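Notes to accompany the following structure.
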Amino acid sequence: MATDRMHDVVNLQAQLARHGFIAERSFAATLLLTMEMRRPLLLEGEAGVGKTEVAKALARLLDTRLIRLQCYEGLDAHAALYEWNYQHQLLAIKLLEQDDRSIPDKEQDIFSERYLLKRPLLEAITTTPAPVLLIDEIDRTDEAFEAYLLELLSDFQMSIPELGVIRAAERPFVILTSNGTREISDALRRRCLYQYVDYPSFEKELLIVRTQIPDVPEKLARQMVEFVQSVRQMDLRKKPGLAETLDWVAALLRLGVSAIDADGVERIMDSLAALVKTREDQAGLTRPVVEKLVASC
């Protein structure tokens, strides 16, 4: 039985790789549990390490819809759950003025599903087949919004006063991400499986580059990844993530760079806009610093 489960994990790794996501064995095992237990998965880590890509890859693997709730400061329940289409309801009220039915009957018409605007959370629990629900950057919201999520993540249902309790037709596959800008509540953590996503190792990042940009020559790919890994060791305000690595590789190829060497320093300097994304960090990557990094690749 244990051997079968190990095979399932390895098989999931291979499937994820075919859909463009490289996962370590422990990560694949956690994702397998998420899929089988239908428990939400909380992913924490620095911005740019590929947390959002997990949900995208899972949706591709399952051949299902990806529903994304992008969190932000001030996000409230109505924006995430549902809203009433007030304009259409007002129009309906006008049309119902000549209707002889009782007021309760008219209200039942006005507060019906045809006037309900489904936002991501309600959309996720009423969609079949089960979608992947990505709740992205949950740490940008406040604890009050987290409280709204607890019923959904515990029982996959939500209460709408005018309609009653709406239960999930099928439990969605839920991925939550956090960049760690604030501490997530214990109540929310208890409802989730957990995985910390770190910056990738050299070998993993190289494999990702070769998977995403297969045209890059092997030697050049290794040099590029060595350069990025060295940049991450610097005291930067915003260390480059995987997205920056892939952007930078693409930028260098467009600039005709065929090797990370002294002859290409000028074009490497020209390409840094794709790799480092703050004024302070770009100022720190002076020509002498870049030449030193190039020499070490």
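Here, each number is a calculation from the coordinates, and none is a lab measurement. Quick caveat: nothing in here was measured; it's all calculated off a predicted structure. Counting neighbours? That spans all protein chains shown, and the Cβs are built from the backbone with ideal geometry, glycine included.
Quickly estimate the mean residue ellipticity at 222 nm for the chain, helices only: each DSSP H run with n ≥ 4 gives -39500 (n - 2.57), and the total goes over all residues, rounded to 500. List each step's numbers first, then the result.
Numbers: 15 runs with 150 residues, N = 297.
It comes out at -15000 deg cm²/dmol, rounded to the nearest 500.
Which value, in debye to the nearest 20, describes the size of the charge dipole of the stretch 118-198 about its Cα centre when Lys and Arg Cβ atoms bear +1, Asp and Glu Cβ atoms bear -1, and nothing else is charged?
I would put it at about 260 debye.
Can you give the local net charge around ILE184? Use residues other than it whose beta-carbon is closer than 14 angstrom to its beta-carbon, Lys and Arg +1, Asp and Glu -1. Write out the running numbers ahead of the final one.
On the way: positive: LYS51, ARG140, ARG182, ARG189, ARG190, ARG191; negative: GLU44, ASP136, GLU137, ASP139, ASP142, GLU143, GLU146, GLU183, ASP186.
Neighbour charge sum, excluding ILE184 itself: -3.
Would you kindly state how much longer the chain becomes between ASP198 and ALA79 on full extension, computed as 0.36 nm times their sequence separation minus their alpha carbon distance, in nm to one decimal? It would help to have the intermediate numbers written out before the result.
Details: separation 119, 0.36 × 119 = 42.84 nm, distance 3.09 nm.
Working it through step by step, the gained length comes to 39.7 nm.
Explain nothing, just the number: relative contact order of the stretch 202-296, from Cα pairs under 8 Å at least 6 residues apart, as a whole percent.
Values: 85 pairs, mean separation 28.1, N = 95.
It rounds to 30 percent for the stretch 202-296.
In the chain, what percentage of the DSSP-assigned beta bridges are antiparallel, given to the nearest 5? Walk me through the intermediate numbers first.
Numbers: 7 of 24 bridges.
In the chain, DSSP labels about 30 percent of beta bridges as antiparallel.
For the chain, take the convex hull of the Cα atoms, compute a quarter of its surface area, and give me that in nm², please. Each step should come with its number before you reach the end.
Values: hull surface 80.5 nm².
Hull-based average projected area comes out at 20.1 nm².
If R₀ is 51 angstrom, what is the calculated FRET efficiency for the pair ARG191 and LEU91, using the beta carbon separation as r and rounding to 0.05? Don't skip to the answer; put the middle values down first.
Details: r = 40 Å, r/R0 = 0.79.
FRET efficiency, ARG191 to LEU91: 0.80.
At a Förster distance of 35 Å, what's the computed FRET efficiency of ALA283 paired with GLN212, Cβ-Cβ distance as r, to 0.05?
0.75
If I model a spin label as a point 7 Å beyond the Cα along the Cα-Cβ vector, how far apart are those points for GLN233 and MET37 in nm?
3.8
Taking neighbour counts of Cβ atoms within 10 Å as a proxy for exposure, in what order, fewest first, do CYS297, CYS71 appear? Mind showing how you got there, number by number?
Working: CYS297 16, CYS71 19.
Ascending number of Cβ neighbours within 10 Å: CYS297, CYS71.
What size of dipole, in debye to the nearest 20, comes out for the chain about its Cα centre when the only charges are +1 on Lys and Arg C-beta atoms and -1 on Asp and Glu C-beta atoms?
Details: 37 positive and 47 negative charges, 147 e Å.
Dipole size: approximately 700 debye.
Would you mind calculating the relative contact order of the chain from Cα pairs under 8 angstrom and at least 6 residues apart, reporting the percent as a whole number? Write out the running numbers ahead of the final one.
Details: 419 pairs, mean separation 63.8, N = 297.
Relative CO of the chain lands at 21 percent.
Taking every pair of alpha-carbon atoms in the stretch 202-296, what share in percent sits in each 10 Å bin, from 0 to the bin with the longest distance?
17, 57, 26, 1
At most 13 other Cβ atoms within 10 Å and a DSSP loop assignment: could you name the trypsin sites (Lys or Arg not before Pro) in the stretch 125-182 that fit?
On the way: sites: ARG140, ARG167, ARG182; in loops: ARG182.
For trypsin sites (Lys or Arg not before Pro) across the stretch 125-182 that sit outside H, G, I, E and B with at most 13 neighbouring Cβ atoms in 10 Å, the list reads ARG182.
For a Förster distance of 45 Å, can you work out the FRET efficiency between the beta-carbons of ARG254 and ASP155, rounded to the nearest 0.05? Walk me through the numbers before you get to the answer.
Working: r = 50 Å, r/R0 = 1.12.
Efficiency computed from Cβ-Cβ geometry: 0.35.
For the peptides 236-246, 142-152, what is the packing order when you average, over each peptide's residues, the other Cβ atoms within 10 Å and list the highest mean first?
For the peptides 236-246, 142-152, the packing ranking is 236-246, 142-152.
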